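The values are calculated or read from the model by the stated rules, or taken from the named source; none is laboratory data. Values in this document were obtained by computation on a predicted structure and should not be read as measured data. Cβ: placed from backbone, ideal geometry, glycine included. Neighbour counts: every protein chain shown. Surface accessibility is based on the protein's heavy atoms, side chains included, excluding ligands, DNA and RNA. Shrake-Rupley method; radii C 1.70, N 1.55, O 1.52, S 1.80 Å.
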Amino acid sequence: SALVQHMVLGVAQLWVTPQLWLKGGLGVSALYVSYNDGGPDDALDDGAALLGALGYELVSAQHFSLDLQLRLAGASYKLLGEEITTGMVGLGFNWY
């Protein structure tokens, strides 16, 4: 089994310089246990979610960009009395 957290967020992004951006958002989250045997998941709690991110665009081409990202997201669960924070360092690939 695995503990799974889903978040749905409304997010805004601000460009500080042509390469550096900040991102922030608010939303809702859900926490549940997922079983490997194909059985139904057990919902544990719903909560409020918050996201903060920082990124730097490494490459900007006509139809794509590549950026380095640092993201932190947190959720607060009232019934469980718990707060869960997740972090990510990643490489973002955007095409347009």
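State whether the residues of segment 65-84 include one that is more than 20 Å from L9 (Cβ to Cβ), in contact (Cβ under 8 Å) with a residue 24 or more places away in the chain and aromatic (F, W, Y). There is no residue in segment 65-84 that is more than 20 Å from L9 (Cβ to Cβ), in contact (Cβ under 8 Å) with a residue 24 or more places away in the chain and aromatic (F, W, Y). Just one of the listed residues (G55, G27) is under 11 Å from the mean Cα position of the chain (by Cα) and either modelled with pLDDT under 95 or surrounded by 15 or more Cβ atoms within 10 Å (Cβ to Cβ) (or both), and it is G27. Just one residue in the set A43, A12, A75, A48 is out of contact with any Ser or Thr (no Cβ under 9 Å at 6 or more places or on another chain), open to solvent by less than 80 Å² (accessible area, probe 1.4 Å) and part of a strand (DSSP E or B); that residue is A12.
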